[in-house]
Amino acid sequence: MLILNKTAGVFFKPSKRKLYDFLRSFNFHPGKVFLHKLVLGIETSCDDTAAAVVDETGNVLGEAIHSQTEVHLKTGGIIPPVAQQLHRENIQRIVQEALSLSKVSPSELSAIATTIKPGLALSLGVGLSFSLQLVDQFKKPFIPIHHMEAHALTIRLTNKVEFPFLVLLISGGHCLLALVRGVSDFLLLGKSLDIAPGDMLDKVARRLSLIKHPECSTMSGGKAIEHLAKQGNKLHFDFKPPMQRAKNCDFSFSGLQHVIDKTIMQKEIEEGIEKGQILSSAADIAAAVQHTIACHIAKRTHRAILFCKQRNLLSQSNAVLVVSGGVASNLYIRKALEIITDATQCTLLCPPPRLCTDNGVMIAWNGVERLRAGLGILYDTEGIRYEPKCPLGVDISKEVGDAAIKVPRLKMKI
């Protein structure tokens, strides 16, 4: 019996009857031969239950996902026990769908890869438990996956990208800059010192009550801000990008959020409305917030590129910046980053939007990458634990700060 961290809560274990029914549901193909190695990827680190089967050439044979967004929109944020229960209710069906669509039975898999770090403890536990059941039943190798490593490597599934490259991961739970030197070889250049940009966008959207806006009622906070910002004037509010004097690659968003909250409160007083009603200036605030976040992210990324080139960690002429994570689908932020890559002779690459957010494909592909490299493949899962908090790679952010690189001022005409 596995002993997990105390944060694990109840370690989810499907009943033997359910597992038996699950296994019986597959059509086995005795004469069928797969030419390539096949990996099943399972993702439950936050609020999406996802699974996919990918072969070693990058073909996605089958995938399925269950999003909890609608449920969490109603509660105003992710409640971990609720997310855990929804994962429990859906994981078997989602894995079954992915395998059925791929026409692959569990016995034909080369390995099973699952996110075990970082993420919500209760959510990670569901995916790990279910995966270990399959691993034990079919005697398959298990590949534990770091969620951020999977995001970083997704671009190698969709584009021909060689190591090294710079990656910016921006989402609701994460914000970091890292140099990717190999499948599991990362140098961390900077990270958020407090909250993630996606989290901040969600909080601002909630504070503006955008769920009550007729055009934004079914959108996540980040999507609502991006949508409304198109109708607003960013110059009507002057929010200053954070950490302007800190010559490093770290990020900060909580101070900015506090300033925005105070501004919204002041506007409510001026307009004579109560908290929970929509301000007439909501679109202008959304536009100013989005612009300020974009400028902050762009400047830190600009410094990271200059640092890597100065230290010959990236090619001088054909360096690549990969941007992934849920916030990477924000086109305004992407355009701000294009200004940076154009100025530094870099190529900007982003996975397609559906692979920027959490998904099973990126986990399976990370498993393929590790399988090919012979890294982190477990044949004995005794003592395997999930880790709600886990840094990525070797942290050289102090070295970046000590270099104190001054970033040239660029006109952010977006």
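Considering each residue of segment 219-251, count those that are open to solvent by less than 30 Å² (accessible area, probe 1.4 Å), of a type in the set (Asp, Glu) and in a loop (DSSP other than H, G, I, E, B), and give that number.
Matching residues across segment 219-251 total 1.
So, in segment 280-335, how many residues would count as being of a type in the set (A, V, I, L, M), farther than 30 Å from residue 213 by Cβ and buried (at least 22 other Cβ atoms within 10 Å of the Cβ)?
Residues in segment 280-335 being of a type in the set (A, V, I, L, M), farther than 30 Å from residue 213 by Cβ and buried (at least 22 other Cβ atoms within 10 Å of the Cβ): 5 in total.
Report, by residue number, each residue of segment 128-141 that is in contact with a helix residue (DSSP H, G or I) (Cβ under 7 Å, 6 or more places away or on another chain) and crowded, with 24+ Cβ neighbours inside 10 Å.
130 - this is the single residue of segment 128-141 that is in contact with a helix residue (DSSP H, G or I) (Cβ under 7 Å, 6 or more places away or on another chain) and crowded, with 24+ Cβ neighbours inside 10 Å.
Would you call residue 162 buried (at least 20 other Cβ atoms within 10 Å of the Cβ), of a type in the set (Asp, Glu) and within 30 Å of residue 300 (Cα to Cα)? Steps first, please.
Working: buried (at least 20 other Cβ atoms within 10 Å of the Cβ): no; of a type in the set (Asp, Glu): yes; within 30 Å of residue 300 (Cα to Cα): yes.
No: the conditions fail for residue 162.
Conditions: (1) assigned by the TED database to the domain that holds residue 42; (2) crowded, with 23+ Cβ neighbours inside 10 Å. Residue 178 meets all but one. Number of the miss?
With respect to (1) assigned by the TED database to the domain that holds residue 42; (2) crowded, with 23+ Cβ neighbours inside 10 Å, residue 178 is out only on (1).
On the basis of being modelled with pLDDT of 95 or more, open to solvent by less than 40 Å² (accessible area, probe 1.4 Å) and of a type in the set (Ser, Thr, Tyr), does residue 386 make the cut? Full working, then the answer.
On the way: modelled with pLDDT of 95 or more: yes; open to solvent by less than 40 Å² (accessible area, probe 1.4 Å): yes; of a type in the set (Ser, Thr, Tyr): yes.
Answer is yes for this residue.
Is there a residue in segment 393-412 that is at pLDDT below 95, open to solvent by less than 50 Å² (accessible area, probe 1.4 Å), in contact with a Pro (Cβ under 6 Å, 6 or more places away or on another chain) and not charged (D, E, K, R)?
The answer is no; no qualifying residue exists.
Does segment 356-373 include one or more residues that are open to solvent by less than 10 Å² (accessible area, probe 1.4 Å), more than 30 Å from residue 216 (Cβ to Cβ), small (Gly, Ala, Ser) and in contact with an Asp or Glu (Cβ under 9 Å, 6 or more places away or on another chain)?
yes
The values are calculated or read from the model by the stated rules, or taken from the named source; none is laboratory data. Model, not experiment: these values are computed from the prediction. Because the Cβ atoms are built from the backbone with ideal geometry, glycine has one as well, and the counts that use them run over all protein chains shown. For accessibility, only protein heavy atoms count, side chains too; no ligands or nucleic acids. Shrake-Rupley method; radii C 1.70, N 1.55, O 1.52, S 1.80 Å.
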